[in-house]
Amino acid sequence: MSWRSSSRGVVLTAYHPSGGGGDAPGGFESKRQQDGNKYRRSGQYTMNHDHSKKIPDGASFDRSGSQDSLDELSMEDYWKELENIHETRGNNHEEGVALVVKEPDEGELEEEWLKEAGLSNLFGESSGDSQESVVFLSTLTRTQRAAVEKRVETVTQTLRKKNKQHQIPDVRDIFRLQNDSKGKVCDGSEPSTVRTSENKNETHDGTEGPKFNLGSDEQKSPLEVMPSSDTDINLEIPFAEQAANLKDSSVGNMCKGGGGDTLLPNFRLPKDKTGTTKIGDLAPQDMKKVYSLALIELTALYDILGTEFKQQKAVKIKTKDSGLFGVPLTMLLEHDQKKVPGTKIPLIFQKLIAQIEETTLETEGLLRIPGVATRVKTLCQELEAKFYEGTFNWENVKQHDAASLLKLFIRELPQPLLTVEYLKAFQDVQNLPTRKQQLQALNLLVLLLPEANRDTLKVLLEFLQRVIDHREKNKMTLKNVAMVMAPNLFTFHGFGSKTIEQSEFVMAAGTANVMRFMIQYQKLLWTIPKFIVNQVRKQNTERQKKEKKDKAMKKLLKKMAYDREKHEKQEKTPNDTDVPQGVIRVQAPHLSKVSMAIQLTEELKAGDIVARFLSQKSGNVQTLNREEVFLYEIGGNIGERCLDDDTYMKDLYQLNPNAEWVIKPKQS
């Protein structure tokens, strides 16, 4: 793929030769590649093994943030990969398919952002029906609210300029709806961002409720918001709030810089007693809320750090609707799921990885050494014709050919695996001041990817880590793998420039560093931050209160008070009245022991409960392995959540006392 300027916007060119073709369409335009090779051969752009480098005369740049690793990361593998991509592409004469990335008009970007964040009813024809948004806004932190206000203000001004004939609310009125003179939201509850320590856990009726730590308007010192170690990732305090508190502080300089594999910080997640939530652990309705909150939080973080956040938007074009290479991920998966129900990763992608691993991952230069271009092209054409028929002969595929085909598949996608919308945001991670903030931004960006893209990326990163695990034999360190894969995942763009510029050199090193982060910290990236889960709980709680209030008002006209109380008791589960204080009832419909009362203790974990059920064996029920079943938290202030085995049940029960507890196999 390559980028160039156009009167219509930015054009992303994806080359789709008939049946695919060799080790890759992509990279520079011809002249740009020639210029790049000239710089490499003359030593002007080559970073030698002694970490010295030469750049075009007059070029200078600030080695701050991730850029300071330019002196330490050899770019030789990066440029060589680009050269391999271009040389193979040169054997294909078919024209590329232009994908137009639309440049948004004034206010259009912010309007689209508000729609993506689920706040489209703050403007336009539906702006009068903003009650749902008021509940949503009441759960936002200070910095998140500021990000929303900024976008609403821009849209408002744009709509006024265009003289739109529908209601245009003032941004101050939108947020004023949440608070009266006493700082209450419209339904009587207090907004999370202004609660005091005395009343932040009170419910509407004045009783003590679950504790949700969503940040505070009150300024805290950096030491108060910092975890116990500089390498601990704090998932309880919103990232933008942490950045705001660390701004202009000497603490903010920690973990700056880059370097070789051993110099990357050993970031870790401190244990959370209420359990770590991974992508895939929550129900779809709650994941929609996670998406909206992640978008707002990422925008707030970029705002605080002074980095522009702009979503690109691709104009829809005609793409292939069959085959393997150059087919949209979603369309490919729809076809594959007819053959293998429930599959989440394209079958060809899975097979290529399996083919590479079948030989050995100890092959020197694996991923770096390309397959023979003519042979790769022939294999690609044969795969297109025979893969789904099951007649393709995999014995003809050499390991380096399979690696080239895997990279080709990624590049041939009609839209980047990291998506047109967020590719630039992934690239801009390199501009954030500290490594911890870079990791936080990547965490949020992974949450924003479509499910198909995210699942495929996860399998790719796991495979790359397995390659790195054999670095003693294959000589492919984290740095080497990142250098080779970055050109395949990130678009190396010049936006119309005909020669290699210093900024592109910096971009190359930056995307290689982002690639290193994604591989090194992949387990952290698939974690949903606790502060986002708490905001989801808060939204669910507020929605339930509103529904309960509306329902009570309707019943008030038809029933007497004692009838309502009787009906509410009937709605409770039969076991509720039988379970004493400090005991939960756990259901396990798939196991021989289908129900059990569990006494909560300080040390009781979710894994202990599952083990207790599995110890009750019976020949009448299908046997399930330990790794197949999990304890679920269902209802209350969460839709559904799969618990990790180390979740302390008493702490979680206090957070969600109205939940039901069910042991069942994890849904694929």
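The values are calculated or read from the model by the stated rules, or taken from the named source; none is laboratory data. No experiment lies behind these values; they were computed from the predicted model shown. Methodologically, a virtual Cβ is constructed for each residue, glycine included, from the backbone with ideal geometry; neighbour enumeration extends over all protein chains shown. Quick note on the areas: whole protein, heavy atoms, side chains included, nothing else; ligands and nucleic acids left out. Shrake-Rupley method; radii C 1.70, N 1.55, O 1.52, S 1.80 Å.
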Using a 1.4 angstrom probe with every protein chain in place, what is the largest-first accessible-area order of Phe267, Phe630?
Phe630, Phe267
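Just need the Rg to Rh number for the range 278-356, please, alpha carbons only, Kirkwood Rh.
Numbers: Rg = 17.6 Å, Rh = 16.1 Å.
My calculation of the ratio gives 1.09.
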Could you order peptides 414-423, 277-286, 639-648 by the average number of other Cβ atoms within 10 Å of their residues, highest first?
414-423, 639-648, 277-286
Once you place label points 7 Å from the Cα toward the Cβ at Thr360 and Lys338, how far apart are they in nm?
4.2 nm
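Could you state the accessible area per residue of the range 579-667 in Å², with a 1.4 Å probe and every protein chain left in place?
Accessible area per residue: 49 Å².
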Using a 7 Å offset from the Cα along the Cα-to-Cβ direction at both Asn266 and Gln616, what is the distance between the two label points in nm, to one decimal?
4.3 nm
Across the Cα atoms of the range 291-423, what radius of gyration and what greatest pairwise Cα-Cα distance (Dmax) are found, in Å?
18.2, 56
Rounded if a/c under 1.5, otherwise prolate or oblate - the range 338-400, Cα gyration tensor axes
oblate
Where Rh denotes the Kirkwood radius from the mean inverse Cα pair distance, what is Rg over Rh for the range 579-667?
0.94
Using modelled amide H (1.01 Å from N, peptide plane; none on Pro or chain starts), what sits under 5 Å from the amide H of Leu631, excluding residues fewer than 5 places away?
Leu643
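Give me the extension gain from Glu628 to Gln544: residue separation times 0.36 nm, minus the current Cα-Cα distance, reported in nm with one decimal. All intermediate terms of the calculation are to be shown ahead of the outcome.
Values: separation 84, 0.36 × 84 = 30.24 nm, distance 3.21 nm.
Computed gain between Glu628 and Gln544 is 27.0 nm.
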For Arg466, placing the label point 7 angstrom along Cα-to-beta-carbon and taking the range 380-408, residues whose amide nitrogen sits under 14 Å are 403
Per the rule of 0.36 nm per residue minus the C-alpha distance, extending Val583 to Asp608 adds in nm 7.5 nm
Spelling out what I want: for every residue of the range 629-642, take phi, set θ = phi - 60°, compute 6.51 cos²θ - 1.76 cosθ + 1.60 (Karplus), and round to whole Hz; glycine and proline get x.
10, 9, 8, 10, 9, 10, x, x, 9, 9, x, 7, 9, 7
Describe numerically, in nm with one decimal, the distance between label points set 7 Å from Cα along Cα→Cβ at Val372 and at Asp651.
5.9 nm
